[in-house]
Amino acid sequence: MAGLCGKLRMYLEFSRISFQRAAAYRFEAWMRLFSNVVFLFMWGFIWYGLYMDRDSVSGVTFQSVFSYVLISQMLQGIHSAGTPLWEIQEKVRSGDIVTEIIRPYDYPTRLLFADLGSIAFYFLTAIFPLYSVIFLIFRPLIPTSPEQWFLFFLSVVLGYLIRYFIELTFGLFTFWLIETGGVEDIFYFAISLFSGATIPLWFFPGWLNTLARYLPFQGIYFVPNAIFVGELGGTELFSALTVQLFWVAVSFLILRFVWYKAGKKIVGQGG
Amino acid sequence: MARSIYNALRIYWYMVEASIRAQMQYSYAFIMNILGWMMHYTGMAITMWVLLYSFQALNGWVYWELIFLFALSVLSWSICTIFFFHFRKLDVHIVQGTFDRFLVRPISPFFHFMALKFDVGALGQLFFSIGAFILAYIKLSLHWSWAEWLVFLGAVIGGTLIQGGMLVLISTIAFYTTRSERVFWVLIFPFRNLINYPLTIFPKAMQMFITFVLPFAFVNYLPALILLDKADPVFPGFWGSLSIFVGILFFWFSYRVWQKGVDRYNSTGS
């Protein structure tokens with residue numbers, strides 16, 4: 001137990017350092033925020049245009065979709081503060097990853113905690129103030145009960161872990177494939193469409209909706225977003241959370257397996 | 001004059017040849033790059049299809065009309081990236097001091113920098129946009145007269161110059177702040193996404209900004225009004241035929257600003 005506490009303290013130290021380091025990259029943060037707002041603007045008006053003189057489509061009102069877009073864009077802003085995929089790939093390509101492997105910590109865990117630190121900084125200084133103002137101006141639908149808030153937060157955390165495990169696994173594929181150009185674009189497309197980041201799954205054609213429900217990506221944005229706007233409740237909500245949990249476990253196991261295999265793949269030059 | 005242009009073109013072609021040969025050395029990466037771009041844009045087209053599935057139309061624009069709008073912007077973008085895409089990376093050359101070598105040679109630094117890379121990876125975007133354009137042309141059963149083909153040609157050339165001008169303009173920021181690539185991704189990338197949708201869905205202020213400040217509207221929306229026989233409540237129809245002139249003007253302006261930047265530039269070492 002004491003060992004576990006010591007370990008946790010060490011990993012939290014990584015969070016603290018990257019929290020402070022994030023403060024040095026203010027320019028990057030402002031740029032990211034600007035681009036986030038432009039996309040929010042764009043999707044807001046696209047949905048407004050689509051709904052033009054219609055109250056509800058597929059049983060969903062504009063108010064719901066608009067709130068969905070707001071919270072989705074906010075969550076995407078949070079996710080964007082993590083280590084980008086290309087940085088992991090570059091680390092593998094250049095061989096710098098070795099310096100991580102020889103140290104007495106677990107790299108996937110260290111990276112997760114480091115990302116949490118930079119996300120915390122970005123959230124407190126940029127995302128939270130900005131979206132507070134936006135929420136106050138536009139008054140979207142928000143959770144109405146403490147339970148709903150709690151389930152939403154739980155779902156966000158599960159969604160974050162799914163995205164993190166999948167993306168890191170994909171980044172580690174660089175150990176075997178030096179050039180991932182075409183595959184990478186399919187991967188990004190799959191994440192952006194099936195996660196429901198921009199289009200809620202409600203509007204998908206039936207067969208595509210079914211397909212999306214069987215993929216892990218919907219757990220990243222769609223489930224937390226739908227909980228937030230109150231379109232997911234009762235038993236449906238609990239089965240959605242169970243599915244999220246299932247994918248967290250599966251993607252974690254796959255990540256551990258790929259990480260284990262990658263460790264075997266490393267060949268020391270000149271040793 | 002004619003002789004110096006001839007010489008310049010000869011040098012340009014010589015350097016471009018070297019650049020293409022360099023990129024072809026890694027044939028696997030080369031093909032993956034082309035495939036990657038095609039996947040990227042095909043993914044966007046599929047996303048649009050899903051978006052319109054339950055709604056049928058966006059402000060009176062049906063799916064294939066949106067694809068037409070999209071293909072038109074990607075077409076001129078792909079041509080402009082062949083020549084200018086590496087301008088976004090000017091900051092790297094300035095920070096590392098490698099830009100100085102462009103200043104000490106007996107040809108124009110702009111020209112020399114432009115010849116640095118001839119981005120064959122852009123072929124992926126070109127193939128996609130031509131394919132999407134042909135499909136949209138058939139699906140919408142368009143039959144253009146020679147005048148409409150002329151508008152189309154003007155839009156492609158004008159769009160290339162406008163977007164190329166923006167890449168040049170963004171790179172100029174590097175002379176003052178030693179930053180350009182991030183600015184490109186943050187400024188141009190979202191706006192290029194914005195113009196894939198009909199301008200009328202956005203508020204008036206944004207429409208004006210995209211027409212008169214960053215003239216993206218001339219890249220695809222305004223010409224598409226003529227080519228798809230649509231009307232806009234604000235902009236007169238004939239504006240779409242002005243793309244080529246706006247393009248020349250904007251590119252010339254960007255080029256002048258870039259030259260000013262070079263004049264002001266002091267190497268990072270000093």
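How do the peptides B:172-184, B:104-116 rank, highest first, by the average count of neighbouring beta carbon atoms within 10 Å per residue?
Ranked by mean Cβ neighbours within 10 Å, highest first: B:172-184, B:104-116.
Residues of the stretch B:39-56 that become at least 10 Å² less accessible with every protein chain present than in their own chain isolated, using 1.4 Å: which are they?
Buried-area filter returns B:M39, B:H40, B:G43, B:I46, B:T47, B:W49, B:V50, B:L51, B:Y53, B:S54, B:F55.
Mind checking the dipole of the stretch A:50-144: about its Cα centre, +1 per Lys or Arg Cβ, -1 per Asp or Glu Cβ, Debye to the nearest 20? Before the final figure, lay out each step's value.
Numbers: 6 positive and 8 negative charges, 22 e Å.
The calculation lands at about 100 debye.
Could I have the simple spin-label model distance between B:F212 and A:S132, label points 7 Å from Cα toward Cβ, reported in nm to one decimal?
Each label point lies 7 Å from its Cα, and together they span 3.7 nm.
Which value, in debye to the nearest 20, describes the size of the charge dipole of the stretch A:2-268 about its Cα centre when Lys and Arg Cβ atoms bear +1, Asp and Glu Cβ atoms bear -1, and nothing else is charged?
Numbers: 18 positive and 17 negative charges, 146 e Å.
Here the stretch A:2-268 has a charge dipole of around 700 debye.
Quick one: pull the percent of accessible area on the protein assembly as shown belonging to carbon and sulfur, 1.4 Å probe, ligands and nucleic acids left out. Intermediate values should be presented prior to the final figure.
On the way: 17620 of 25580 Å².
Whole-percent figure for carbon plus sulfur exposure: 69.
Give the angle, between 0 and 90 degrees and rounded to the nearest 10, that separates the Cα long axis of helix B:63-84 from the longest principal axis of the Cα atoms of chain B.
Helix B:63-84 sits at roughly 10 degrees to that axis.
Working out 0.36 nm times the residue gap between A:C5 and A:E236, then minus their Cα-Cα distance, what length gain in nm do you get to one decimal? Don't skip to the answer; put the middle values down first.
Details: separation 231, 0.36 × 231 = 83.16 nm, distance 3.68 nm.
Separation in residues times 0.36 nm, less the Cα-Cα distance, equals 79.5 nm.
Give the separation of the Cα centroids, the stretch A:1-30 to the stretch B:103-152, in Å.
Taking the Cα centre of the stretch B:103-152 as reference, the centre of the stretch A:1-30 is 47 Å away.
Where the Cα atoms of the stretch B:1-58 are projected onto their three principal axes, how long is each span, largest first, in whole Å?
Projected onto its principal axes, the Cα set of the stretch B:1-58 covers 60, 34, 6 Å.
Which Cα, out of A:I71, A:F128, A:Y164, lies furthest along the positive dipole direction of the stretch A:2-268 (beta carbon charges, K/R +1, D/E -1)?
The listed residue farthest towards the positive side: A:Y164.
Does anyone have the angle between helix B:2-24 and the longest principal axis of chain B? Alpha-carbon axes, 0 to 90°, nearest 10?
Tilt relative to chain B: about 80 degrees.
Label-point separation (nm) for A:F153 and B:L9, each offset 7 Å from Cα along Cα-to-Cβ?
6.9
Report which residues of the stretch B:167-187 become buried by 10 Å² or more of accessible surface when going from the isolated chain to the complete set of protein chains (1.4 Å probe; DNA, RNA and ligands ignored).
Residues of the stretch B:167-187 that lose at least 10 Å² of accessible area once the other chains are added: B:R179, B:R182, B:V183, B:V186, B:L187.
Report the charge-dipole magnitude of chain B in Debye, nearest 20, computed about the Cα centre from +1 at each Lys and Arg Cβ and -1 at each Asp and Glu Cβ.
Working: 17 positive and 10 negative charges, 136 e Å.
About 660 debye.
Please give the average number of partner chain Cβ atoms lying within 10 Å of the Cβ of each residue in B:203-211, rounded to a whole number.
1
Return the whole-Å distance between the Cα centroid of the stretch A:85-108 and the Cα centroid of the stretch B:170-191.
What the calculation gives is 29 Å, centre to centre.
Under a point spin-label approximation (7 Å from Cα along Cα-to-Cβ), what is the B:S141-B:I248 distance to one decimal in nm?
Spacing of the two 7 Å Cα→Cβ label points: 3.9 nm.
What residue among B:F216, B:Y137, B:V16 has its Cα farthest toward the positive end of the dipole of the stretch B:2-263, where the charges are +1 on Lys, Arg and -1 on Asp, Glu, each on the Cβ?
Working it through, the farthest residue towards the positive pole turns out to be B:V16.
What is chain A's relative contact order, in percent, from Cα pairs under 8 angstrom and six or more apart in sequence? Before the final figure, lay out the partial values.
Numbers: 241 pairs, mean separation 69.9, N = 271.
Relative CO of chain A lands at 26 percent.
The values are calculated or read from the model by the stated rules, or taken from the named source; none is laboratory data. Quick caveat, the model's predicted, so the values are computed rather than measured. Quick reminder, even Gly has a Cβ in these numbers, built from the backbone with ideal geometry, and neighbours come from all protein chains shown. Protein only, heavy atoms only, side chains kept; ligands, DNA and RNA dropped before computing areas. Shrake-Rupley method; radii C 1.70, N 1.55, O 1.52, S 1.80 Å.
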